[in-house]
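The values are calculated or read from the model by the stated rules, or taken from the named source; none is laboratory data. Since the structure is predicted, the reported quantities are computational estimates derived from the model, not experimental observations. Please note: Cβ atoms are built from the backbone with ideal geometry, for glycine as well, and neighbour counts cover all protein chains shown. All accessible areas refer to the heavy atoms of the entire protein, side chains included, with ligands and DNA or RNA removed. Shrake-Rupley method; radii C 1.70, N 1.55, O 1.52, S 1.80 Å.
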Amino acid sequence: KVTIKGIERELICPACKELFTHPLILPCQHNVCHKCVKEILFAFEDSFADGGSESSNPSSPRIKISSSSMDRIDRISRSGTKRNSLTPRSSLFPCPGCQRDIDLGERGINGLFRNFTLETIVERYRQAARAAIAIMCDFCKPPPQESTKSCMDCSASYCNECFKIHHPWGTVKAQHEYVGPTTNFRPKILMCPEHEMERVNMYCEICRRPVCHLCKLGGCHANHRVTTMSTAYKTLKEKLSKDIEYLISKESQVKAHITQLDLLLKETECNSERAKEEASHSFDKLSHVLEEKKSAALRAIEASKNLRLEKLQMQAEEYQGLLENNGLVGYAQEVLKETDQSCFVQTAKQLHVRIQKATESLKSFRPAAETTFEDFVVDIAKQEEILGDLSFHSNGLEIPEINEEQSRMYNKALISWECPGKTDSADTYVLEYHKLNRGEESAMWQETEVCSKSKVISDLDDDSSYAFRVRGYKGSICSPWSREVILRTPPAPVFSFLFDDKCGYNSEHLLLNPRRTSVESRAGFPLLLGSERIQVGCYTTLDYIIGDTGIAKGKHFWAFQVEAYSYLVKVGVVSSNKIQKLFHNTHDVTSPRYEQDSGHDSGSEDAFFDSAQPFTLVTLGMKKFFIPSTPAAPKDPASRILPLPSCLGICLDCDKGKVGFYDAGRMKCLYECEVDCSGIMYPAFALMGGAAVHLEEAVTAKYGEYHDDI
């Protein structure tokens, strides 16, 4: 017999931290109260309405949406964006049990099963906890009597007399199922949440959930492998029974482990007290040294003060004697009264010397001692920094190094690091970062504890530089800080989009991947057919493709990579009112030798970039970046050719009417020009020959796939 009170921790909702009330089973197999699920979804929708900003329901302060849930919100709700077509938005639910964002599907909360088994166990726990509290009859006149049975069909409790009255012999109600007094009334038949009039009679082995026959015939489980409910019941019950029997058979081993853990708890307590004493002794020694230094410094200051006061006091007394009828002047006045010439001369000679010195000192007055104590200012900057890094250091713990190639700045910062050696690796790491400001000499470091060797940091300011450093911890021992690495954020918020596979997309020349994040132009047979007419003066055309999301206002940034083998690629922006010209412009018939801004020898270096063209593009190819020919550009063609960065970025400022092309790895602007933003602006790309472009993926918090053992 199971002791109900021994399983209390299994009956607590991870959201409200109370006993389950009408628990629902999530796709990740965790259970959450029905009320908690609704509150979390309301809070999530509020965050979505606010454009992805973190918000919480005032009535549910415990609810907090994870940062990874914001990625899909940012893409749709960002101000100034419009989509070419409606995109269905799946219902995301941040599970409080596993901290993952779970997709509830189109039906959302209505597609979740109610866990009646768990609900029954919770009710038995409640009854055991309130055994002294009786369940009263629902139909007695006041005062109500204690109930003796509950009807599962009527969902009510009765005393003996009321049960006979409401369930008379010879009627249909007499056949109702009744149990002992309870407040948990569960339906006899489990119905399908998607087809409310159908009972579940099968079990989907792919989705691991009960389904009805309509789900199998034409629903989302049509192509899934299913089994009968009786077979699933028998199989799962056998597996569960075997696992429980195995655990029960290992009871002695479990008890031994518990005993060992109890000993480890006591040993940990003793060792922690010993470590506290040692640490306290170390800090006492340090405090003693500081007290000695403090006393010595105060004594030196006091001695210097006394010496200076003595000198200044003597000087004040000397000047006091220069007053009339006082001191030296008074003595000289008395000497002048001497009438005997020989006596006067004898005394006046020495007195005159003193009077002359007093006169000279009066003309060039200078205090006998300094009043400032600048020489006694204690410089503790280095010591303060050392004390700030004071911790339990270990010579055997490797210093981690931030990997700048794997770390990157985009919509968020992804910081990765590694340890040079494999011995004595750290258990956890502390990553610190701060913004570099010109006006501030020292900024406050922000820190975060990490269990892996990478961390995603959000909420960083745009167009700013940040310094990062990391140290490892193994228990209470830590390594020194790593070398600081400085990374720069994009100049504007990151703009997310995919390649549009409808508007002007040429499927014969271009190849999109299923996710629409990469496009490739293949120099195959269609290109040869187009090139066959070169001998009569017609040149092959560029194949254009645009993004599926437009920009109406604001400042936005996006990044992409161009394959090194690409022969000719053009990148930039195009206005919505000029898209037709983009795909049907006769001037698109081109060759890289005769393109004005291609960087190749065109024989006409004075032909400047045409600002009246329907789009703004720059040319890439053959591992080079070509700055267009403009009046402000260098006249030397060689100076307009730059090495192609590994990752390129475009920053569009619709408010100022400017577009900039960046080295996205260093966030350095390579070229900037004006652009007409009167319409909705779309990212534009053009490819010819063998070429490929890959959109930069947004930085997201990566979670492992959840697994189910059943």
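Quick check on this structure: which one of Asp655, Asp601 is at pLDDT 85 or above, assigned to a loop (DSSP other than H, G, I, E, B) and of a type in the set (Asp, Glu)? First the steps, then the outcome.
Values: Asp601 fails: at pLDDT 85 or above.
On inspection, the qualifying residue turns out to be Asp655.
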For region 409-421, what are the residues that are outside any loop (DSSP other than H, G, I, E, B) and modelled with pLDDT under 90?
-> Glu418
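Can Arg225 be described as in contact with an Asp or Glu (Cβ under 7 Å, 6 or more places away or on another chain), among the basic types (Lys, Arg) and at negative phi? Quick ask: steps written out before the conclusion?
Numbers: in contact with an Asp or Glu (Cβ under 7 Å, 6 or more places away or on another chain): yes; among the basic types (Lys, Arg): yes; at negative phi: yes.
So Arg225 fits the description; yes.
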Of all strands (runs of 3 or more DSSP E) fully inside region 1-110, the set with 1 or more residues that are at pLDDT 70 or above and within 30 Å of Ile206 (Cβ to Cβ) is 23-25, 31-33, 92-94, 101-103
Scanning for something in contact (Cβ under 8 Å) with a residue 24 or more places away in the chain, more than 21 Å from Ser496 (Cβ to Cβ), open to solvent by 60 Å² or more (accessible area, probe 1.4 Å) and within 26 Å of the chain's Cα centre (by Cα), does region 671-682 turn up at least one residue?
-> no
Somewhere in region 477-492, is a residue touching a helix residue (DSSP H, G or I) at 6+ places or on another chain (Cβ under 8 Å) and in contact (Cβ under 8 Å) with a residue 60 or more places away in the chain?
-> no
When the residues of region 507-545 are filtered to those that are open to solvent by 50 Å² or more (accessible area, probe 1.4 Å), of a type in the set (Ser, Thr, Tyr) and at pLDDT 55 or above, which remaining residue is farthest from Gly572 (Cα to Cα)?
-> Ser507
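Going by the conditions given, is Arg274 farther than 30 Å from Phe376 by Cα, of a type outside the set (Val, Ile, Thr), touching a Cys at 6+ places or on another chain (Cβ under 9 Å) and surrounded by fewer than 11 Cβ atoms within 10 Å (Cβ to Cβ)?
Working: farther than 30 Å from Phe376 by Cα: yes; of a type outside the set (Val, Ile, Thr): yes; touching a Cys at 6+ places or on another chain (Cβ under 9 Å): no; surrounded by fewer than 11 Cβ atoms within 10 Å (Cβ to Cβ): yes.
Against the criterion (farther than 30 Å from Phe376 by Cα, of a type outside the set (Val, Ile, Thr), touching a Cys at 6+ places or on another chain (Cβ under 9 Å) and surrounded by fewer than 11 Cβ atoms within 10 Å (Cβ to Cβ)), Arg274 does not qualify.
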When region 192-246 is checked residue by residue, the ones that are of a type in the set (A, V, I, L, M, F, W, C) and open to solvent by 70 Å² or more (accessible area, probe 1.4 Å) are Met197, Ile206, Leu217, Cys220, Leu240, Ile244
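So which of Thr619, Thr590, Thr586 ends up being surrounded by fewer than 17 Cβ atoms within 10 Å (Cβ to Cβ) and either modelled with pLDDT of 55 or more or closer than 19 Å to Met688 by Cα (or both)? Don't jump to the end; show me each part of the working.
On the way: Thr619 fails: surrounded by fewer than 17 Cβ atoms within 10 Å (Cβ to Cβ); Thr590 fails: surrounded by fewer than 17 Cβ atoms within 10 Å (Cβ to Cβ).
It is Thr586.
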Among the candidates Val289, Val353, single out the residue that is within 20 Å of Val378 (Cβ to Cβ), open to solvent by 60 Å² or more (accessible area, probe 1.4 Å), among the hydrophobic types (A, V, I, L, M, F, W, C) and in a helix (DSSP H, G or I).
-> Val289
Specify the residue that is modelled with the lowest pLDDT; the eligible residues are those in region 164-191 that are of a type in the set (Phe, Trp, Tyr) and surrounded by 14 or more Cβ atoms within 10 Å (Cβ to Cβ).
-> Phe185
Going through region 483-504 in order, the residues found to be at pLDDT 90 or above and of a type in the set (Gly, Ala, Ser) are Ala492, Ser496
Check on Lys337, on the phi < 0 side of the Ramachandran plot and open to solvent by 90 Å² or more (accessible area, probe 1.4 Å) | yes
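Of the residues Glu405, Glu384, which single one is exposed (fewer than 12 other Cβ atoms within 10 Å of the Cβ) and modelled with pLDDT of 85 or more? Show your work before the answer.
Values: Glu384 fails: modelled with pLDDT of 85 or more.
Glu405 is the lone residue from the list that is exposed (fewer than 12 other Cβ atoms within 10 Å of the Cβ) and modelled with pLDDT of 85 or more.
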Kindly establish whether Leu648 is open to solvent by less than 20 Å² (accessible area, probe 1.4 Å), of a type outside the set (S, T, N, Q) and touching a residue at least 40 places away in the same chain (Cβ under 8 Å).
-> yes
Residue by residue through region 432-476, note down the ones that are of a type outside the set (D, E, K, R), in contact with a helix residue (DSSP H, G or I) (Cβ under 9 Å, 6 or more places away or on another chain) and at pLDDT 85 or above.
-> Val456, Ser458
